[in-house]
1. Hey, could you check segment 136-164 for residues that are among the aliphatic types (A, V, I, L, M) and over 13 Å from the mean Cα position of the chain (by Cα) and say which is farthest from residue 27 (Cα to Cα)?
2. Could you tell me whether segment 163-178 includes any residue that is open to solvent by 30 Å² or more (accessible area, probe 1.4 Å) and more than 30 Å from residue 209 (Cα to Cα)?
3. Could you look through segment 353-395, keep only residues that are assigned to a loop (DSSP other than H, G, I, E, B), small (Gly, Ala, Ser) and under 21 Å from residue 181 (Cα atoms), and pick out the one that is most open to solvent (accessible area, probe 1.4 Å)?
4. Going by what's in this entry, would residue 247 be described as charged (D, E, K, R) and either modelled with pLDDT under 90 or open to solvent by less than 50 Å² (accessible area, probe 1.4 Å) (or both)?
5. Which ones in segment 185-243 are of a type in the set (Lys, Arg) and part of a helix (DSSP H, G or I)?
6. Inspect all residues belonging to segment 126-135 and state whether any of them is at pLDDT 75 or above, of a type in the set (Ser, Thr, Tyr) and within 30 Å of residue 9 (Cα to Cα).
7. Please go through segment 44-66 and pick out each residue that is among the polar types (S, T, N, Q) and part of a helix (DSSP H, G or I).
8. Would you check if there is a residue in segment 419-438 being touching a strand residue (DSSP E or B) at 6+ places or on another chain (Cβ under 7 Å), of a type in the set (Gly, Ala, Ser), over 21 Å from residue 250 (Cβ atoms) and modelled with pLDDT under 95?
Amino acid sequence: MEAGTRPGLHICEGDCAVLKRDDVFKAVPVLRRRKIIFEKQWFYLDNAIGHIYGTTFEVTSGGNLQPKQEMEETTPETKEAGTDNRNIVDDGKSQKLTHDDIKALKDKGIKGQEIVQQLIENSTTFRDKTEFAQDKYIKKKKKKYEAVITIVRPSTRILSTMYYAREPGKINHLRYDTLAQMLTLGNIHAGNKMIVMETCAGLVLGAVMERMGGYGSIIQMYPGGGPVRAATSCFGFPKPFFNNLHEFPLSKVDSLLSGTFSTETLPSEPEDNALVEEESNGSIDEKQASIQETEEESTETAMESNQTEEQETMDINAEDIGFKENQGKENKENVREKQRKQQERRKKLIETAALLREKNADGLIVASKFHPTPLLLSLLEFVAPSRPFVVYCQYKEPLLECYTKLRERGGVINLKLSETWLRSYQVLPDRSHPKLTMSGGGGYLLSGITVVLDKSKCDSSNLEALKMEEPSSKKRKSAS
């Protein structure tokens, strides 16, 4: 870290930053002498280290970044503009500069702002355009010829926008406004004990961690062999944020609820490796014995041969034996390391299981590609009463089924199935209006609040309800 820089405010080596150009984002690590390709531009981030986040840079020759200096814009009094565009014909002859001329300007090292200025001066129809059309023309040319990049700090809003625009399939098409609704409905705040089940590349987990600020605990439920946290790493959280982050496999939830949970069923990789190690050690010993036998035979038959050749073969054999001994030691160290990691994994799993057994979680967030009904019904057992839960699904039908199951089961109130409607607006002087294109859908949310579920009362009330319904139905039939 350079002198005078503050972590969090200034760009530091090793940070995870987000590159921004107009509405396009890309998350990259800040490393020296590493080539970055973004929006058909290549550059290095060396000169950006030490500057404040939010600084706009211009790409110069050699891929170097320089802070952009704002040029004074012309005042409205000096601008010449037409009244309308009806007499302007787009015949491709209004621009005097050719492609070769523009390429020559680029080769000379002329900046993008100067190229745009020359394009304006060499346009025969620019002064006849209206003021709005002139602004649109300048904006279009700046986007094409100015190599300008802004480096911003990663946040939930920026990363969710980036993923939704670049790779929406990886986050199950979870739109950024829907994610904001999830954080609000889930009442995420510092000091909470949250359960998060998501298959959105770690984006939802990162959003919850950012909102909690390192205070409280999070239990991440994951399918398969381990959790996926690709998007979580883009947030650039400090190490203390991960101290209270726990993980638990979904395959163990049923055994934990039934009381048959055990870590003995985990795959025991170190034992298999130990067998491989013993076999490899045995084969090494056999090879060493055979090598020694061949040495004795060679020494008996080659007494009359040259002594230098015999010494060379002995040296080569000794090197082979030493290499194989070192290989055996490395195998033993690898087995010990794997055994240590397995023990740590089992220890953490037991700690997480103890946290879940308390059944006092402050909230539940589910955003996965799996059907939400079995997930929600099992995970709600670990949530304390009077706590919120939120379930996201890209489609409405699975949440409708989940809604029906929860109504039948009971133990929840304030059930709501919602969809957010998002439309962007252009806000400019005298021409603010909704944009012509908008998002077709950002998914659906099922939210509610848990309450104490008395199973005995619930069963008796259901029986009474059935008894009360039978006579009324008979009466209706007889009356008809």
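The values are calculated or read from the model by the stated rules, or taken from the named source; none is laboratory data. Remember, predicted model here, so these are calculated numbers, not experimental data. Heads up, the Cβs are rebuilt from the backbone with ideal geometry, glycines too, and the neighbour counts pull from every protein chain shown. Side chains are part of the model used for accessible areas, which takes the heavy atoms of the whole protein and leaves out ligands, DNA and RNA. Shrake-Rupley method; radii C 1.70, N 1.55, O 1.52, S 1.80 Å.
1. Pass one, segment 136-164, residues among the aliphatic types (A, V, I, L, M): 138, 147-149, 151-152, 158-159, 162.
From the residues that got through so far, the ones that are over 13 Å from the mean Cα position of the chain (by Cα) too are 138, 147-149, 151-152.
Numbers: 138: 28, 147: 18, 148: 16, 149: 13, 151: 10, 152: 10 Å.
Residue satisfying both the conditions and the ranking: 138.
2. No - not one qualifying residue is present in segment 163-178.
3. 386
4. In short, no.
5. 211, 239
6. no
7. At the first step, the residues of segment 44-66 found to be among the polar types (S, T, N, Q) are 47, 55-56, 60-61, 64, 66.
Hits for segment 44-66 are 47, 61.
8. Initially, segment 419-438 is screened for residues touching a strand residue (DSSP E or B) at 6+ places or on another chain (Cβ under 7 Å), giving 419, 423, 425-426, 432-435.
Now restrict to residues that are of a type in the set (Gly, Ala, Ser): 432.
If we keep only those that are over 21 Å from residue 250 (Cβ atoms) too, we end up with 432.
When the remaining residues are screened for being modelled with pLDDT under 95, the result is 432.
For segment 419-438, residues touching a strand residue (DSSP E or B) at 6+ places or on another chain (Cβ under 7 Å), of a type in the set (Gly, Ala, Ser), over 21 Å from residue 250 (Cβ atoms) and modelled with pLDDT under 95: present.
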